[in-house]
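Comments concern the structure below.
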Amino acid sequence: MFRPYRLIVLVAVYLFITYVLPLPEGVDPQGWRITGIFFATIAGLMIQPLPGSQVVLLGVTMLVLVGHVPMERALTGYSTTSVWMVLAVMLMSRALRDSGAARRIALCFIRAIGKTSLGLGYALHLTDLTLATGVPSITARSASIVFPIARSISSLYDSNPGKTAPRLGTFLMTCMYQTSVVTSAMFFYSSAANILLGELAFEFTGLRITWTSWFIAGIVPGLLSSLAVPYLVFRVLPPEIRHIPSAPEFAQMELDKLGPVRGREAIVLSVFVFLVVFWVASSFTDWLSPGLVAFMGLVALFVTQALTWNAVLSERSAWDVFVWYGGLLTMGGLLNASGSTTAFANWVGLWFIGVPWPVVLIVTLMIYFYAHYFFASTTVHALALYGPFIVLLVNVGAPAPLVVYSLLFINNLQAGLTHYGTTTSPVIFVEGYVSLRDWWCTGFYASVLNLVIWIAVGGVWWRVLGLW
């Protein structure tokens with residue numbers, strides 16, 4: 001929806017930063033204009049005077065017109081490997097859904113461990129966890145695949161939105177969402193935002209993140225959260241129905257309808273396994289890049305007709321991500337080059353003179369995490385704070401790898417706080433299974449648990465790995 005009056009806010013943000021705030025030392029006028037355009041774009045992604053991709057294109061245009069950035073430089077984000085890789089993988093996830101392969105994975109887990117409500121919660125999480133190895137969209141996984149299955153099982157037990165929701169639906173919906181943010185934190189390619197921030201981490205610190213390095217760093221705290229969060233939700237929002245013996249029967253019945261794995265579904269599953277294996281291999285070779293692996297998988301689907309070009313053209317979310325991802329990647333690089341993030345870090349760093357860096361790190365991570373109450377997107381949140389916080393923490397002496405991974409993991413976990421924390425949460429919340437109070441309370445309890453696991457236990461694990 002077009003809201004022209006909100007464009008005035010973007011102009012005001014730009015004018016305030018550029019002409020009211022004093023020019024920091026070490027930043028030239030052009031760099032300060034670029035900073036104003038960047039934060040005006042962030043404001044646009046928050047208040048949405050136009051759809052997000054259009055806001056980003058507006059920002060890219062202003063970089064050229066007002067920031068005096070050459071057109072070729074303003075479009076460099078669209079030529080990076082990671083942008084095309086995200087597009088390719090999101091298109092492949094369409095084949096995973098359309099072929100029935102994703103639904104089969106979920107039904108297999110439900111058949112195996114879905115005899116109790118808690119077991120069903122774990123089954124839904126394991127489905128999300130499996131898909132997250134190569135599907136870079138929490139919405140595609142949770143909202144499009146896992147959520148409909150959870151809703152169907154809830155209906156089987158007459159647990160529908162409203163008075164009967166506490167029978168089973170409230171627990172399943174809350175558990176599914178709270179574990180989906182853990183899943184996103186465990187895998188590099190589980191989210192387009194993760195890949196974007198991986199690129200920005202290289203811009204700011206020179207640290208190259210791979211599928212394998214992310215997986216190893218996140219495996220211990222991720223597994224602990226995977227075990228602990230469903231049980232926490234089970235205790236906070238206990239379902240009235242504890243035993244659901246018909247859930248495995250439902251899963252078996254649905255699997256019977258799908259029949260044996262063959263044809264298109266077999267091809268898609270084979271390509272999915274190929275992607276994960278070769279992404280791991282790409283971490284240890286120079287010639288086999290993650291982007292090349294993604295394109296090989298996409299081409300395989302095209303050649304076998306497991307994915308058609310018409311399906312590709314209709315996958316609007318993938319093209320939408322492509323547009324905003326490329327533009328924001330350009331803006332992040334220009335913001336770093338402008339010197340604004342360094343100036344911010346030096347200014348805030350004056351507050352922590354003499355304070356040990358571990359204390360500064362913990363305080364900063366807490367601020368970063370709970371600041372998400374004011375954001376409706378993990379991507380927008382990260383673009384506003386990720387770079388400046390990295391520079392700040394590195395400047396006070398915190399090891400760069402520890403800083404980068406801590407912020408990357410937390411950037412996913414914070415989405416569980418509210419019913420607008422990421423694109424999936426409104427889809428689930430509007431169904432009416434979970435009240436606003438239950439959602440926010442459970443989100444806060446889960447946030448405390450996740451912070452303890454990922455900062456305390458994770459910190460020890462990262463010490464073992466030599467990240468600090």
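Considering only alpha-carbon pairs that sit under 8 angstrom and 6 or more positions apart, the relative contact order computed for the chain is 23 percent. The three principal axes of the Cα atoms in the range 34-109 give end-to-end lengths of 55, 28, 16 Å, sorted in falling order.
Taking the Cα centre of each part, how many Å lie between the range 328-347 and the range 45-107? First find each Cα centre; the distance between them is then 21 Å. Taking Cα atoms only, the orientation of helix 29-47 departs from the longest principal axis of the chain by about 30 degrees. With a cut-off of 13 Å between beta carbons, the residues surrounding residue 328 carry a summed charge of -3, where Lys and Arg count +1 and Asp and Glu -1.
Can you tell me the dipole magnitude for the chain around its Cα centre, using point charges on the Cβ only (Lys, Arg +1; Asp, Glu -1), in Debye to the nearest 20? Show your work: numbers first, answer last.
On the way: 23 positive and 18 negative charges, 153 e Å.
Using Cβ point charges on Lys, Arg, Asp and Glu, the chain gives about 740 debye.
Each part reduced to its alpha carbon centroid, the range 282-315 and the range 427-461 end up 34 Å apart. Expressed as an acute angle from 0 to 90° and rounded to the nearest 10, what is the orientation of the C-alpha long axis of helix 211-236 relative to the principal long axis of the chain? That works out to roughly 60 degrees. Report summary: the helix-based calculation at 222 nm, which adds -39500 (n - 2.57) for every DSSP H run with n ≥ 4 and divides by the residues of the chain, gives -22500 deg cm²/dmol.
Between the helical axis of 316-338 and the longest alpha-carbon principal axis of the chain there is an angle of about 30 degrees. Of the two radii for the range 400-468, the radius of gyration is 1.11 times the Kirkwood radius, both from the alpha carbons; that is the Rg over Rh value. Per residue, the solvent-accessible area of the range 132-250 (1.4 Å probe, heavy atoms of protein chains only, all protein chains present) comes to 31 Å². Across the range 301-312, rounded Karplus estimates of 3J(HN,Hα) from the backbone phi angles (6.51 cos²θ - 1.76 cosθ + 1.60, θ = phi - 60°) give 5, 5, 4, 8, 6, 6, 9, 9, 5, 5, 5, 4 Hz, Gly and Pro being marked x. Computed from backbone phi, the HN-Hα couplings of the range 461-467 come to 4, 5, 5, 4, 6, x, 6 Hz, rounded to whole numbers (Karplus: 6.51 cos²θ - 1.76 cosθ + 1.60, θ = phi - 60°; Gly and Pro given as x).
Over all directions, what mean area does the Cα convex hull of the range 156-237 project, stated in square nanometres?
Details: hull surface 28.0 nm².
For the Cα atoms of the range 156-237, the hull's average projected area reads 7.0 nm².
Annotation: the range 347-468 has a Kirkwood hydrodynamic radius of 15.3 angstrom, from the mean reciprocal C-alpha pair distance. Only protein atoms count toward the accessible area here, which uses a 1.4 Å probe; on the range 154-304, the carbon and sulfur part of that area reaches 66 percent. Shown here: the range 141-292, whose C-alpha atoms stretch 55, 41, 23 Å along the first, second and third principal axes, sorted largest to smallest. Database remark: amide H of residue 116 closer than 5 angstrom to the amide H of 244 (H placed geometrically; neighbours at sequence offset of 5 or more, or on other chains; Pro and chain starts carry no H). The residues of the range 289-420 expose on average 36 square angstrom of accessible surface per residue, using a 1.4 Å probe on protein heavy atoms. Judged by the mean number of other Cβ atoms found within 10 Å, the most tightly packed of the peptides 396-407, 12-23 leads the ranking 396-407, 12-23. Among 366, 27, 117, whose Cα sits farthest toward the positive end of the charge dipole of the chain (+1 at Cβ of Lys/Arg, -1 at Cβ of Asp/Glu, about the Cα centre)? About the Cα centre, the residue reaching furthest to the positive side is 117. About its Cα centre, the range 58-212 has a charge dipole of approximately 620 debye under the convention of +1 per Lys or Arg Cβ and -1 per Asp or Glu Cβ, with nothing else charged.
The values are calculated or read from the model by the stated rules, or taken from the named source; none is laboratory data. Quantities reported herein were computed from a predicted structural model and do not represent experimental measurements. All Cβ positions, glycine included, derive from the backbone under ideal geometry; neighbour counts span all protein chains shown. Just the protein is used for accessible areas: all its heavy atoms, side chains included, with ligands, DNA and RNA removed. Shrake-Rupley method; radii C 1.70, N 1.55, O 1.52, S 1.80 Å.
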